[in-house]
Structure formats: structure tokens, C-alpha cells
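Have a look at the structure below, then the notes.
Every number in this text was worked out from the coordinates using simple rules, so none of it is lab data. Small disclaimer: the values here were computed from a predicted structure and weren't measured. We place every Cβ from the backbone using ideal geometry, glycine too, and count neighbours over all the protein chains shown.
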Amino acid sequence: MSPQYLLAASLPEACAALSQAGPTARVIAGGTDLMVELRHERLAGNEPSGLLVDVAGLPELQGAHLEVGELWLGAGLTFSQCQADALIRERLPLLAEAARRVGSLQIRNVATLGGNLGNKSPAADGVTVLVALGALARLASAKGERQALVEDLAARGLLPGEIIVGFGLPAPATPGASAFAKVIRRQAVGIARFNIAAQLDLDRDGVVTAAGIGVGAVFPSPRRVAEAEALLLGRRPTPALWEQAAQAISDDMLRACGARPSMVYKEPALARVAARALELAWRRGQARERP
């Protein structure tokens, strides 16, 4: 039989429904991945069952706003909203830039930031950005609420019955310096072979005072590359330093994934794209600092 459907009127109702329905219950918002999954189950002869809990309209999951010292991103934000929102464009241009590169316009209009994490895709563009920014996810269930690093959730997944409510990160005083890059098999509307999100803070002399580098699709889940970040800190980058940091990213991939046939092209390609993304982020920051 087909899954049952509940349009949740409140967050507590959604949490209670998930708890009561058990492991066959699933959360749906945009549904861009889940509906495909359900269709594949049906085509494979496994009729989908259980409960779909629709949380797309819950107010707690909506919008982007500043709280005390924190920038809050609702899990229900679509990628089109991330691309167009004035606060995100001003304070988190890295997310706005990545949102423009997600799928097609039709996908961006309904796919959500929370769903990007909940789907647990290694190539999730939005998750790679949140990882680079060190974002915390707020999770709700019938047992209460908790927070967890997005990077940890991307690797380990949610606990049964949990709903992603949104994401918090320290509110940046300035947008910093950032760049997002991805390589796909075709020119548009493809899943990333790898993606890179770089967020740098610079002083007036161009010295890197903070760095967040997220990489996706080449690891089991998107993650930060601490070795590359450490290489940049306290230094005014040069072309040689970009190459050194990019090689650290590539080396981390090789350690994590081992020698696969695809590494013949992926290792040098990742290093080259990473170097370009880091340099672009730095140049953007320099241009912003100039009077």
C-alpha cells in the first residue's frame, strides 16, 4: 500500500507522529530526493509504506535572521531562497553562491537546506558550505531538542524520529572572503564529482586570520580539511601556498579513499580546482578591503 501522509500543523505534532509511527516514518519537505527514492522502491517491487510527515510549512523551519550573536538559517529554506535572501547574500555570500549551482531552477525552488543534510549525499553542495562554516544543526524529536555539528551529522546521520529545525553559526561582522567551486560531468544540472567551499577571514594586509575549507563528494561525507586550513593561518598567501594547501586537500582524499582508478584524474583535478577556489576567495576579500 502507499505511505500515509500527515501535513504537520506544528513541530510538536510532527515529532509525536514520527515517534508513534516508528522506523518506517519519514520526513518530507521539498521531496526532490525522497520522491525519487519512493518511486524506485515501487519499480523494484517494494511498495512504499509507513508515514510521510510533511514539515514544509512549519514556521520554525522558515527564513534567515540574526539572533544574539548568531545567524540562523531555517531548515525549510529552499535553495532559491538561499540565493535571493538579502541577509544571506550580505552575510553569507558563500551559501548564496553555492545555492545558484544546485540542480535546475525547478529543483532549487523546492529542495531545502535541511533536506540536503537529511538525504546524506556525499556530494551535497549546501552541506559542504555548512561544514566549511562550522555550522551547528538544531534537531527536534519527541525526546526534546539537541544540537550537533553539521559535519558530524553528515557522517553519522540523524537519530530516529529527529527533525532538522535549522542551522546556527556565529554571525559574521563582515562577509569575509569566500568561493565555491564544483566539477560535474556536464555543464549544468549534474551531481558534483567534487565540490569545494572556502571561507577566509583576512586582515587589512591580506593575512589569513581564519579559514574554513569544506570538501564534498570525494569523501564518504562532506568534511573540513584541517591540514589545509592550518597551512593558511597567519600567512599572506602566495601561488606556492595555494598549491601547498590544495595538495593537502588532495592528499587527504587519497588517505580517506585509497587508490581507485578514478584517482588518476580526480587527484590532480581536485588539487587544481581547490587552488583556484582558495585564490579566488582571497582575491575577493582583497578587493572588498580596498578603499
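Report the gain in length on full extension from T209 to D152: 0.36 nm times residue separation, minus Cα-Cα distance, nm rounded to one decimal. Display every interim value, and only then the final one.
On the way: separation 57, 0.36 × 57 = 20.52 nm, distance 2.45 nm.
Here the answer is 18.1 nm.
Can you tell me which of 90-103, 219-232, 12-25 comes out highest on packing, and rank the rest after it, using the mean Cβ neighbours within 10 Å? It would help to have the intermediate numbers written out before the result.
Details: 90-103: 21.9, 219-232: 19.9, 12-25: 16.3.
Highest mean packing first, the order is 90-103, 219-232, 12-25.
Would you mind checking the radius of gyration and Dmax of segment 4-53 based on alpha-carbon positions, in Å?
11.5, 34
Given segment 177-289, what whole percent of its Cα pairs are spread farther than 25 Å? Walk me through the numbers before you get to the answer.
On the way: 1211 of 6328 pairs.
Looking at segment 177-289, the distances longer than 25 Å represent 19 percent of pairs.
Ignoring solvent entirely, what values of log10 I(q)/I(0) come out of the Debye formula for segment 95-151 at 0.16, 0.20, 0.24 Å⁻¹ when each Cα is a single scatterer?
Values, matching the q order: -0.53, -0.77, -1.00.
Taking every pair of distinct Cα atoms and averaging 1/r, then inverting, what Kirkwood hydrodynamic radius in Å comes out for segment 239-279? Numbers along the way, then the final one.
Numbers: mean 1/r = 0.0990 Å⁻¹.
Every distinct Cα pair counted, the radius reaches 10.1 Å.
Distance from the Cα centre of segment 221-245 to that of segment 269-284, in angstrom?
Rounded to whole Å, the Cα centres lie 10 Å apart.
Evaluate the chain: find the radius of gyration of its Cα atoms, find its Kirkwood radius, and give the ratio Rg to Rh.
On the way: Rg = 19.5 Å, Rh = 19.7 Å.
When Rh is taken as the Kirkwood radius, the ratio is 0.99.
For segment 61-170, just run the numbers: alpha carbon Rg, then divide by 2.2 N^0.38 Å, N being how many residues it has. Provide the component values of the computation, followed by the final result.
Values: Rg = 12.8 Å, N = 110, 2.2 N^0.38 = 13.1 Å.
Scaled against compact globular proteins, the figure is 0.98.
Could you grab the relative contact order for the chain? Cα pairs under 8 Å, six or more apart, rounded to a whole percent. Write out the running numbers ahead of the final one.
Numbers: 611 pairs, mean separation 45.5, N = 291.
After rounding, I find 16 percent.
Sticking to Cα atoms, compute the Rg of segment 21-90 to one decimal and its Dmax as the biggest Cα-Cα distance, whole number, in Å.
In order Rg, Dmax, the Cα atoms of segment 21-90 give 16.1, 51 Å.
Give the lysines reachable from K143 as a straight Cα distance under 30 Å; neighbours fewer than 8 places away on the same chain don't count.
Within reach: K120.
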